[in-house]
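J.: Okay, handing you the structure first.
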Amino acid sequence: MTAPSRKAIKAACEALSDIDPALARAYDIVGVPDWRMYEASYELLARTVVYQFVSTRAADAIWGRVTDFLGEVKPERVLTCDQDALRACGLSRPKLSHMNTIAAAIADGALDLSRVQAAEVGEARAELLAVKGIGPWTADLYLLYAAGKMDAFPHGDAALMEAHRRLGGYEMRMANKAFTEHAERWRPHRGVAAHLLWGWVNAERAKAGIPPA
């Protein structure tokens, strides 16, 4: 799967700018954002699980140890490796369990990543969420990064909510439910909105001399 074309992303940015002043400001600063794209794979799902609910710095360290230990992050390798040694890389018991259940689902065909790639976003999301260990945030990031779904949206992403608050000049950040409802007006370009907001966050980090998230 390839990323959406720059022309399609630009058209979406212009449409979003007409809908939401915060996104218009992000577009003025960022321009057409680059689309984050990764190989559609078990490795990406496992990586996303590792990075959930921890700081980027801590997740980088854990993931580095995981990849050093496994060599190739593939379902069969995870399912047959020394589980205690894998957990010693810094994984919590739930994250280790999730990596295994996702690996098993792919190995036995319950989760077909090729089918996910080809499906429309709602159907693809439902297939991912049917697997224990894949929550909404993990599913939505996978659909953005690996399937290039322009309307996939990572619900509950704190960085997006804070970026929107600052760009919009709001005193208080929206609650998760309110932000999700607000994002409905961005359909069918919610994934582009996410990339605009992430692009602005990284522009702010660059000004402060901080590496991109």
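J.: Is the stretch 17-126 best put as rounded, prolate or oblate by its Cα gyration tensor, with a ≥ b ≥ c the root eigenvalues, rounded for a/c under 1.5, and otherwise prolate when a/b is larger than b/c, oblate when not?
T.: Oblate, since a/c reaches 1.5 and b/c is not below a/b.
J.: I'd like to compare 40-51, 72-83: which one has the highest average count of other Cβ atoms within 10 Å, and what's the full order after that?
T.: Highest to lowest by the protection proxy: 40-51, 72-83.
J.: Same structure again: On C-alpha positions alone, give me the angle between the axis of helix 42-51 and the longest principal axis of the chain, in degrees, nearest 10.
T.: 70
J.: While we're here: If you bin every alpha carbon distance in the chain into 5 Å steps from zero, what whole percent lands in each bin?
T.: Bin by bin from 0 Å, the calculated values are 1, 7, 14, 18, 18, 16, 12, 8, 4, 1, 0.
J.: For the chain, find the longest principal axis of its Cα atoms and tell me its angle to the long axis of helix 136-145, 0 to 90°, nearest 10.
T.: Computed tilt is about 80 degrees.
J.: Using R₀ = 35 Å, calculate the FRET efficiency as 1/(1 + (r/R₀)^6) where r is the Cβ-Cβ separation of ASP60 and GLU181; round to 0.05. It would help to have the intermediate numbers written out before the result.
T.: Numbers: r = 33 Å, r/R0 = 0.95.
After rounding to 0.05, the efficiency reads 0.60.
Each value in this text was obtained by applying a stated rule to the coordinates, not by laboratory testing. Just so you know, these numbers come straight off a predicted model, no measurement behind them. Cβ sites come from the backbone with ideal geometry, for glycine too, and all protein chains shown count toward neighbours.
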